[in-house]
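One structure is given below, encoded as structure tokens.
The values are calculated or read from the model by the stated rules, or taken from the named source; none is laboratory data. Quick caveat: nothing in here was measured; it's all calculated off a predicted structure. All Cβ positions, glycine included, derive from the backbone under ideal geometry; neighbour counts span all protein chains shown. Just so you know, the surface numbers come from the protein's heavy atoms only, side chains and all, with ligands and any DNA or RNA stripped out. Shrake-Rupley method; radii C 1.70, N 1.55, O 1.52, S 1.80 Å.
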Amino acid sequence: MIYFAQVGRDGPIKIGESDNPQRRLRELQTNAPWSLHLLLVLNHAGGRTASNIYHDFSAARMRGEWFYPTKYLMAFINEKHA
């Protein structure tokens, strides 16, 4: 599964892969000084991987698996969440 987790309500977004996104979020939270919340989990991403998604949002990439919450990225999350 591909997950999107955000720092606070307007902070950076981590895009990652995990068989258990809730557990992964708890693991990330233990090492983070900020509150993280799960925005979206894609169970079936049409055969796409997190690497494909990283490429799609490369213009918003901060570093590694972290991305700025651009309008384009947030629109994607909101569209898939609906």
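Using a probe radius of 1.4 Å on heavy atoms only, what accessible surface per residue do you get for the chain? Whole Å² is fine.
Heavy-atom accessible area per residue stands at 64 Å².
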>> Taking all protein chains in place and a 1.4 Å probe, what share, in percent, of the accessible surface of the chain do carbon and sulfur account for?
In response: 50
>> Can you compute the helix-only [θ] at 222 nm over the chain? Use -39500 (n - 2.57) per DSSP H run of at least 4 residues, normalise by all residues, nearest 500 deg cm²/dmol.
In response: -10000 deg cm²/dmol
>> Largest first, please: the extent of the C-alpha atoms of the chain along each principal axis, to the nearest Å.
In response: 30, 25, 25
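How much net charge surrounds residue 48 when only the other residues with a Cβ under 11 Å from the Cβ of residue 48 are counted, with Lys and Arg +1 and Asp and Glu -1?
-2
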>> Which order do you get for 68, 3, 54 if you rank them by accessible area with a 1.4 Å probe, largest at the top?
In response: 68, 54, 3
> Under a 5 Å amide H to amide H cut-off, with H placed in plane at 1.01 Å, what residues pair with residue 39 once short-range neighbours are removed?
Replying inline: 4, 5, 6
>> Can you sort 66, 34 by solvent-accessible area, 1.4 Å probe, largest first?
In response: 34, 66
> What figure in square angstrom, to the nearest 10, would you give for the accessible area of residue 41 with a 1.4 Å probe?
Replying inline: 50
> What range in the chain is the longest one free of trypsin sites (Lys or Arg not before Pro) that are in a loop by DSSP and have at most 13 other Cβ atoms within 10 angstrom?
Replying inline: 10-47
